[in-house]
Ligand code: ZN
């Protein structure tokens with residue numbers, strides 16, 4: 001039958017997509033197909049392929065918006081994880097809301113900031129003074145550190161040796177390590193960070209010089225880092241704000257308000273980053289106010305102390321001797337400073 005009707009899908013015809021896709025010659029296998037039929041076959045084959053490709057692209061493109069959510073979950077994790085013993089939400093101003101912490105993840109914050117263009121760093125052009133309390137060499141220089149200095153209306157010892165854990169981990173080692181970790185984070189955020197001592201001098205400096213270093217640097221904020229030597233049964237951290245002291249060389253009138261804002265932010269950020277409870281033995285809601293500290297009395301820039309924990313308490317001592325906890329402490333300090341300086345605190 002010379003005029004056998006042509007059926008493109010006849011059983012002896014190879015699968016059309018082979019030809020359509022690979023360009024096999026039509027002549028021998030389907031001599032009687034019209035160009036229109038060929039085009040339809042090609043479209044029929046290509047359409048699902050393209051659709052599948054589109055679906056794949058959507059899957060990839062659709063994954064992008066999910067990344068921040070995943071990151072947020074990751075960032076929030078340390079706060080949640082930090083906390084078998086989550087501190088009670090501090091009841092005074094600006095209670096902590098860890099989810100909105102600016103850089104709550106200790107391991108991602110620095111690389112993220114470091115990856116920014118310098119102009120995008122939130123602390124660009126800002127100066128921060130970190131004051132690691134005491135000095136590992138103070139114990140060998142008692143004559144120097146015991147002489148008194150003017151702290152504004154009274155005199156006090158130049159410096160002290162600081163406390164230590166029952167196992168002998170010195171406060172001066174703790175403060176230096178935490179401050180160095182915080183410096184890295186803050187520098188990645190664009191800040192200029194000035195230390196009062198960096199383990200680079202045999203003792204001190206004296207408390208009056210510690211304040212003066214912040215004043216000379218025209219610091220936007222200063223934080224003195226300490227570990228407390230409280231009663232063994234007491235635990236937790238607290239922040240010390242400058243009292244209003246106007247006496248002799250001391251005049252804190254202009255710094256009490258901004259120092260309070262700094263201190264509250266620092267308290268909230270430190271609690272969020274570490275999970276450390278507020279002090280159970282000192283202060284109110286993790287805040288103490290003192291007028292007997294030369295480092296605060298003589299400051300002309302917003303300044304607070306943080307007692308990161310009680311080194312004489314077994315639980316706090318275990319935390320403070322753990323480098324991973326110290327990294328979280330440093331993150332909390334950096335977060336508090338960043339939030340204070342950018343006005344993006346809670
Ligand atoms: Zn101290």
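Here, each number is a calculation from the coordinates, and none is a lab measurement. Since the model is a prediction, treat every value here as computed from it, not as a measurement. A quick note on method: Cβ atoms are made from the backbone with ideal geometry, for glycine too, and the neighbour counts reach across all protein chains shown.
Working out 0.36 nm times the residue gap between residue 195 and residue 141, then minus their Cα-Cα distance, what length gain in nm do you get to one decimal?
Value of the extension gain: 17.4 nm.
In nm, to one decimal, how far is the modelled label at residue 233 from the one at residue 314, with both set 7 Å along Cα→Cβ?
Roughly 1.5 nm, to one decimal.
If I take R0 = 25 Å and measure r between the Cβ atoms of residue 148 and residue 284 in this structure, what FRET efficiency does the formula 1/(1 + (r/R0)^6) give, to the nearest 0.05?
E(calc), rounded to 0.05, equals 0.25.
For region 130-171 and region 191-253, what is the separation of their C-alpha centers, rounded to whole Å?
12
Each label point is 7 Å from the Cα along the Cα-to-Cβ direction; what then is the distance between the points at residue 292 and residue 257, in nm?
Roughly 2.9 nm, to one decimal.
Counting DSSP beta bridges in region 124-342, what percent are antiparallel, to the nearest 5?
35
Would you please give the FRET efficiency between residue 247 and residue 344, computed as 1/(1 + (r/R0)^6) with r the Cβ-Cβ distance and R0 = 35 Å, to the nearest 0.05?
0.50
Could you tell me the center-to-center distance, by alpha carbons, between region 297-312 and region 317-343 in angstrom?
14
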